[in-house]
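Worksheet: one structure, shown below.
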Amino acid sequence: MSRTLPPLDLHAHIELGIAPRQLEQLGAVVFAATRSADEFERTTHRADRVTVWGLGCHPAVASAQAEFDDERFAELMRNTPFLGEVGLDGAARIDMETQVRIFRSILARAARTPRIVSVHSKRATSRVLDLVEESQASGIVLHWWLGSESETRRAVRLGCLFSVNRSMDCVRLCHAGVPLDRLLPETDHPAGNRRGSGLKQPGWTLDVEGAVADAYALTPEDVRTRFWHTLAGLARSFYLDDLFPRPVRAMLEAARQQAIVPPEGQA
Ligand SMILES: [Zn+2]
């Protein structure tokens, strides 16, 4: 018997003071990005059942960049399977040299101690790929990726995954050769789900499931199963299960038991 797994959201911004019950009521497993180590530290006492808090150092947040401490980051990342939000931002006022130095040290940590890493690459897509390649880190999930077709192909070759929100064009990713097993859903709440008619709440990725299903010729149910399978595969290959809340751990285990439907024409 297979039970239905809830929607996934690999990148959302959530207020740190929110009650755990409100997060449970979303009916989804949400990966909540933080912008700094300070923010992340404020979540470590929480006991959320279906929310995975990420350790971040946002490239466009000056205070986070100014206070980045590599040793502290390494210490804190022991407590979470998820790093985010990190990366580079070509539109930010922080100088690129500083951003590169910090992102490089985070990637070096992730190369040694693999994590699921949610990466911001606004106006810095090719620079981000250079650093990913140099670091040889795996588990890189490019969030709200807007790279060119050739950059997208390069990202696929480098082993990157992509977290897709409703403001993105899944057909474009499909045409650039992104395999379905490199995709994960996100809302990027509150920025990424501002448009469209769907619910504007973290975890509500039903529209993304639908768009990916259309682009890859599957049903939305099959797509969700795939997303879970991909996440469960990452968690297993990096030995991350123990870092997830217990209910999510059980879902990862259930996802590994479920059968995967091949896209049309590939049966
Ligand atoms: Zn974000």
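What the table shows:
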item: Label point 7 Å beyond Cα of Glu75 along Cβ direction - residues of region 23-43 with amide nitrogen under 14 Å; result: 37-38, 41-42
item: Debye-sum result for region 35-74 in log10 I(q)/I(0), which assumes one identical scatterer on each alpha carbon, at q = 0.14, 0.24, 0.31 Å⁻¹; result: -0.32, -0.78, -1.06
item: Ratio of the Cα radius of gyration of the chain to 2.2 N^0.38 Å, where N counts its residues; result: 0.93
item: Taking N as its residue count, the alpha carbon Rg of region 135-267 over 2.2 N^0.38 Å; result: 1.04
item: Surface/4 of the Cα convex hull for region 131-194, nm²; result: 4.3
item: Candidates Ala110, Ala217, Ala12: whichever shows maximal mean-square fluctuation once the chain is modelled as a Gaussian network with Cα springs under 10 Å; result: Ala217
item: Cα-centred dipole magnitude for the chain, charges only on beta-carbon of K, R (+1) and D, E (-1), debye, nearest 20; result: 220
item: Nitroxide proxy distance, nm - points 7 Å out along Cα→Cβ at Arg101 and Ala66; result: 1.5
item: Charge dipole (region 167-237, unit charges on Cβ, about Cα centre) - positive-most of Ala191, Trp204, Phe227; result: Ala191
item: Qualifying trypsin sites (Lys or Arg not before Pro) in region 109-184, DSSP loop, other Cβ atoms within 10 Å at most 13; result: Arg123
item: Equivalent ellipsoid dimensions for region 1-139 as semi-axes, Å, which come from the Cα gyration tensor, largest first; result: 26, 17, 14
item: Dipole of region 8-257, positive direction: furthest Cα of Gln136, Met251, Leu55, with charges on the beta-carbon; result: Met251
item: Heavy atoms of Cys57 accessible to a 1.4 Å probe, total area in Å² rounded to 10; result: 10
item: Residues of region 68-82 with amide N under 13 Å of the 7 Å Cα→Cβ point at Thr113; result: 70-82
item: Taking the C-alpha atoms of region 12-58, convex hull volume expressed per residue in Å³; result: 61
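The values are calculated or read from the model by the stated rules, or taken from the named source; none is laboratory data. Everything quoted here is computed from the prediction, not taken from an experiment. Quick reminder, even Gly has a Cβ in these numbers, built from the backbone with ideal geometry, and neighbours come from all protein chains shown. Accessible surface is based on the protein model in full, side chains and every heavy atom, while ligands, DNA and RNA are left aside. Shrake-Rupley method; radii C 1.70, N 1.55, O 1.52, S 1.80 Å.
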